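Please read the structure below before turning to the comments.
The values are calculated or read from the model by the stated rules, or taken from the named source; none is laboratory data. Treat the numbers as computed from the prediction; the structure is a model and nothing was measured. With ideal geometry, Cβ positions are generated from the backbone for all residues, glycine too; neighbour counts draw on all protein chains shown. We work out accessible area using only protein heavy atoms, side chains counted, and drop any ligands, DNA or RNA first. Shrake-Rupley method; radii C 1.70, N 1.55, O 1.52, S 1.80 Å.
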Amino acid sequence: SDESRDFEFYVTGKKIGVFSGKINILGGRTIKEILVIIEVENKEKNFDVKVNVQDESKVIEENEDVKALVKIYNLVKEPRYAEVYYTIQDFKGNMIVQEKKNLFIDKLNEEYKTLKLPEGISDGTYLFIVQAADTYSFAADSDVFIVARKKLVFESPLEITIPKPSTFIFFIIIVLLVILLTINR
């Protein structure tokens, strides 16, 4: 309680892209779930990408659209074309929606991008991913949003508390005694 630990990870990727998952940490009787996103890009790149899911799209219902501000910066002097992929993905790595377009980027391409979610999408946490690539370079960025039947506001990470074994055993003994007394009458 009231303790924290900082962990620093250095990751070298063999495959470029955006990868997501979860880390479960058990401390005493508490399990904390931490969402993890790893974006693997070229070391030397021609583009930089920034995506920011708009506040009104941070928590949405299943039939709403997701809107994000997307900025793609050209990091070299010459204007160039890039293949840009806009993707919605869950934290298991499943692609939900993807759109692709070719863009001519001089210095900066800035746009609001809206993606339509499919009907029946499950409640949960999703990624809005933008990837820009040309023949020599790959850059990516992502932002998180939540799909919920009812709009929710999360103020702390998911926390599950497991009861003490002695409390649980005491509860089972009481239940068994009540059942035995009921049967003997």
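Structure data summary
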quantity: For the stretch 59-123: accessible area per residue (Å², 1.4 Å); calculated: 61 Å²
quantity: With all protein chains modelled, accessible area of Tyr112 [1.4 Å, Å²]; calculated: 130 Å²
quantity: Loop sites in the stretch 1-42: trypsin sites (Lys or Arg not before Pro), DSSP, at most 10 other Cβ within 10 Å; calculated: Arg5, Lys14, Lys15
quantity: Qualifying trypsin sites (Lys or Arg not before Pro) in the stretch 51-116, DSSP loop, other Cβ atoms within 10 Å at most 16; calculated: Lys58, Lys77, Lys92, Lys107
quantity: Spin-label pair Gln98/Lys113, simplified geometry with 7 Å Cα→Cβ offset, distance in nm; calculated: 1.3 nm
quantity: Accessible surface ranking that places the most exposed of Leu127, Leu75 first, with a 1.4 angstrom probe; calculated: Leu75, Leu127
quantity: Square roots of five times the Cα gyration tensor eigenvalues for the stretch 1-71, Å; calculated: 28, 23, 11
quantity: Listed pairs Lys32/Lys113; Lys14/Lys113; Lys45/Lys113 exceeding 26 Å between Cα atoms; calculated: Lys32/Lys113; Lys14/Lys113
quantity: Within the accessible area of the stretch 1-104 (1.4 Å probe), percent carbon and sulfur; calculated: 47 percent
